[in-house]
1. Taking a probe of 1.4 Å, how large is the accessible area per residue of the stretch 69-209, in Å²?
2. Where the only charges are on Cβ atoms (+1 Lys, Arg; -1 Asp, Glu), what is the dipole of the chain about its Cα centre, to the nearest 20 debye?
3. Output the relative contact order of the chain, whole-number percent, from Cα pairs under 8 angstrom with separation of 6+ residues.
4. So if I restrict to the alpha-carbon atoms in the stretch 143-188, what is the Rg, and what is Dmax, the biggest pairwise distance, in Å?
5. When the Kirkwood radius is taken over all Cα pairs of the chain, what Stokes-Einstein diffusion coefficient follows at 10 °C and 1.306 mPa s, in µm²/s?
6. Specify the residue with the greatest mean-square fluctuation among Phe180, Phe103, Phe77, computed from a Gaussian network of the chain linking alpha-carbon atoms under 10 Å apart.
7. Taking the mean number of other Cβ atoms within 10 Å as a proxy for protection, how do you rank 107-115, 42-50, 143-151 from highest to lowest?
8. How big is the antiparallel share of DSSP beta bridges in the chain, given as a percent to the nearest 5?
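The values are calculated or read from the model by the stated rules, or taken from the named source; none is laboratory data. None of the values given here were measured: they were computed from a predicted structure. Cβ atoms come from the backbone with ideal geometry, glycine included; neighbour counts cover every protein chain shown. Each accessible area value is taken on the protein alone, full model and side chains, heavy atoms only, with ligands, DNA and RNA left out. Shrake-Rupley method; radii C 1.70, N 1.55, O 1.52, S 1.80 Å.
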Amino acid sequence: MRYIKKIKNNETMFLCCFSDQNTESVGATYTRWGKAGCPANGTELVYSGLTAGSHYTHSGGASNYLCLTKTPLWNKFDDTEQGGALVYGAEYEIDYRNRQYFFGREITDGDPPCAVCRTRRSSVMMIPGTNRCLDGWTLEYHGYLSADHNSHTAASEFVCLDADPEVIPNSSSDNNGKLFYLSEVRCGTSSLCPPYINGRELTCVVCSR
């Protein structure tokens, strides 16, 4: 922050103020689920990671998805298995749907990559229920609103899975762990419908400004 110096009647005053902050340091980060890279819209890759989280059968642990670094570093450690906050790898579980129709290929049981991205635009938000940004906002990526299955013991957060998700090579074994399912609307007696339609898969978009 800089101040303007002004001298009046032999008294020195400092008038606030304007910023000399380098615009290179302004920005925001977000995680792109299902992709190892970031969009080519002025956004830079911070790191490409491995998606993980608590096991879908555990009643405790954390609900959020993690984008773990591929180059872990350690403090003190003990390699014997013990209780605690356990972290498992993630998988796509796009059951009950035609994967060729949604994604053009089979991705079930594949492990999703993730990418932490930085845009020089200072605000980032995820909007559920649409695949377009509001006027004045820049598209980072769009996809399908995803979470763990509603019948599982563990809860999860809703995240935006890229519409064209990648699979980490040689990762198609059915290990489960932290899972991704598409979300869809249930109307019932709520005020969601209209405009939403019962049974239809929800979209999402990540936008910056």
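1. On the way: 8520 Å² over 141 residues.
Accessible area per residue, the stretch 69-209: 60 Å².
2. 1200
3. Averaging sequence separation for qualifying contacts and normalising by length gives 27 percent for the chain.
4. 12.3, 42
5. Numbers: Rh = 19.7 Å.
So the translational diffusion coefficient is about 81 µm²/s.
6. Most flexible of the set in this elastic network: Phe77.
7. Values: 107-115: 22.7, 42-50: 16.3, 143-151: 18.4.
Ranking, from highest mean packing down: 107-115, 143-151, 42-50.
8. Working: 43 of 47 bridges.
DSSP beta bridges in the chain are roughly 90 percent antiparallel.
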